[in-house]
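Novice: Please see the structure below; I have some questions.
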């Protein structure tokens, strides 16, 4: 409780004076919490369930997971319209920040209608190729793609998803022409990559590395800015031939806008503590994700940077979801 008590005071003339705005945060939480997230079974759902179990213990109230479909639109709308008291939260991937650039008539503004709480996880992806492709490095892949424009293809599991935007960013930054083949999920795309019907892909490390270790796929590089223990021994795409390249699937926790600051601080404190617990870090690692646990301000900065980077790519590549 210490952090939110500090947050309930303001500095005036060098003295701490009580701030009565949001003073009801002393009673938070006063009822069960609800984490609204994507449909059951995906990365966001599994992440939400791990967080919910931890928060249930530390907050003294049950934390429920509310699964919604709709590619981010329905979950986002539910939380944007919820009472801003901290009892309804949104846990979703970074795709939700990009929705207004990908689809029409999104019923919320990702920056205006939410209060950032914390960046939860980062999921690295791996640039993998079918072993029949005569390349063993990122530079060799770029050289081959430039020699055979429009002949190589990659698989993705949805317009605007990270495994679609990452190879599009790779194309733009490396100056190559590689064709997107759209699938209904990662599994069928990986199946075609393994069979040789696809040449390359950017799947999550957890999906890619078992096939890399088995020699069924060749791993060239990881998508994150730094190397990761989730793909040991692989360089970053940036270091291997595309300077400045960085892409990852991010999940974040947000509350409705106008949630009292002391409540946001309490939620942030509890979540950051949970994400730093060795047991939870290990569970996320086994899922293929790295825990983060940022400040609300750092999450806001990350969102702005992601929107600027991916927004530029989406506009220039003419990417639209249907």
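Novice: With the contact rule set at Cα under 8 Å and sequence spacing of 6 or more, what percent relative contact order holds for the chain?
Specialist: Details: 633 pairs, mean separation 83.2, N = 322.
Worked out over the chain, it gives 26 percent.
Novice: While we're looking at this one, here's another question. Set the Förster radius R0 to 25 Å, insert the Cβ-Cβ distance between residue 277 and residue 239 as r into 1/(1 + (r/R0)^6), and round the FRET efficiency to 0.05. Please list the in-between numbers first.
Specialist: Working: r = 31 Å, r/R0 = 1.25.
It comes to 0.20.
Novice: Is the shape of segment 210-319 best called rounded, prolate or oblate, per the rule: a/c under 1.5 gives rounded, else a/b larger than b/c gives prolate, else oblate, with a ≥ b ≥ c the square roots of the Cα gyration tensor eigenvalues? Could you put the intermediate results ahead of the total?
Specialist: On the way: a/c = 2.74, a/b = 1.35, b/c = 2.03.
Because a/c hits 1.5 or more and a/b fails to exceed b/c, segment 210-319 counts as oblate.
Novice: For helix 186-195, what angle does its Cα long axis make with the longest principal axis of the chain, in degrees from 0 to 90 and rounded to 10?
Specialist: Tilt relative to the chain: about 20 degrees.
Novice: Further question on the same structure: Taking the inverse of the average 1/r across all pairs of different Cα atoms in segment 214-274, what Kirkwood radius in Å do you get? Display every interim value, and only then the final one.
Specialist: On the way: mean 1/r = 0.0678 Å⁻¹.
Value: 14.8 Å, from the Cα pair sum.
Novice: Once you have a ≥ b ≥ c as the square roots of the Cα gyration tensor eigenvalues for segment 153-263, tell me rounded if a/c is under 1.5, and otherwise prolate or oblate according to whether a/b is larger than b/c.
Specialist: Values: a/c = 1.72, a/b = 1.56, b/c = 1.10.
It is prolate, given that a/c is not under 1.5 and a/b is the larger ratio.
Novice: Would you please classify the overall shape of segment 241-293 from the alpha carbon gyration tensor, given that a ≥ b ≥ c denote the square roots of the eigenvalues, rounded means a/c under 1.5, and beyond that prolate means a/b larger than b/c while oblate covers the rest?
Specialist: Working: a/c = 3.05, a/b = 1.43, b/c = 2.14.
In terms of gyration-tensor shape, oblate.
Novice: Assuming 0.36 nm per residue, please report the length gained on full extension of the stretch residue 111 to residue 179 beyond their Cα-Cα distance.
Specialist: On the way: separation 68, 0.36 × 68 = 24.48 nm, distance 3.25 nm.
Contour length minus Cα-Cα distance gives 21.2 nm.
Novice: Related question: Mean residue ellipticity at 222 nm from the helices of the chain, using -39,500 (n - 2.57) per DSSP H segment of n ≥ 4 over the full residue count, to the nearest 500 deg cm²/dmol?
Specialist: Values: 12 runs with 132 residues, N = 322.
Rounded to the nearest 500, the figure is -12500 deg cm²/dmol.
Novice: Can you compute the FRET efficiency between residue 58 and residue 148 using 1/(1 + (r/R0)^6), with r the Cβ-Cβ distance and R0 = 45 Å? Round to the nearest 0.05. Can you show the working numbers first?
Specialist: On the way: r = 55 Å, r/R0 = 1.22.
Given R0 = 45 Å and the Cβ-Cβ separation, E is 0.25.
Novice: So what's the angle, to the nearest 10 degrees on a 0 to 90 scale, between helix 296-317 and the longest Cα principal axis of the chain?
Specialist: Tilt relative to the chain: about 30 degrees.
Novice: Give me the angle, in degrees from 0 to 90, between the Cα long axis of helix 43-59 and the longest principal axis of the Cα atoms of the chain, rounded to the nearest 10.
Specialist: For 43-59 against the chain, the angle is about 30 degrees.
Read the figures in this text as sums done on the coordinates, not as results from a lab. Quick caveat, the model's predicted, so the values are computed rather than measured. Cβ sites come from the backbone with ideal geometry, for glycine too, and all protein chains shown count toward neighbours.
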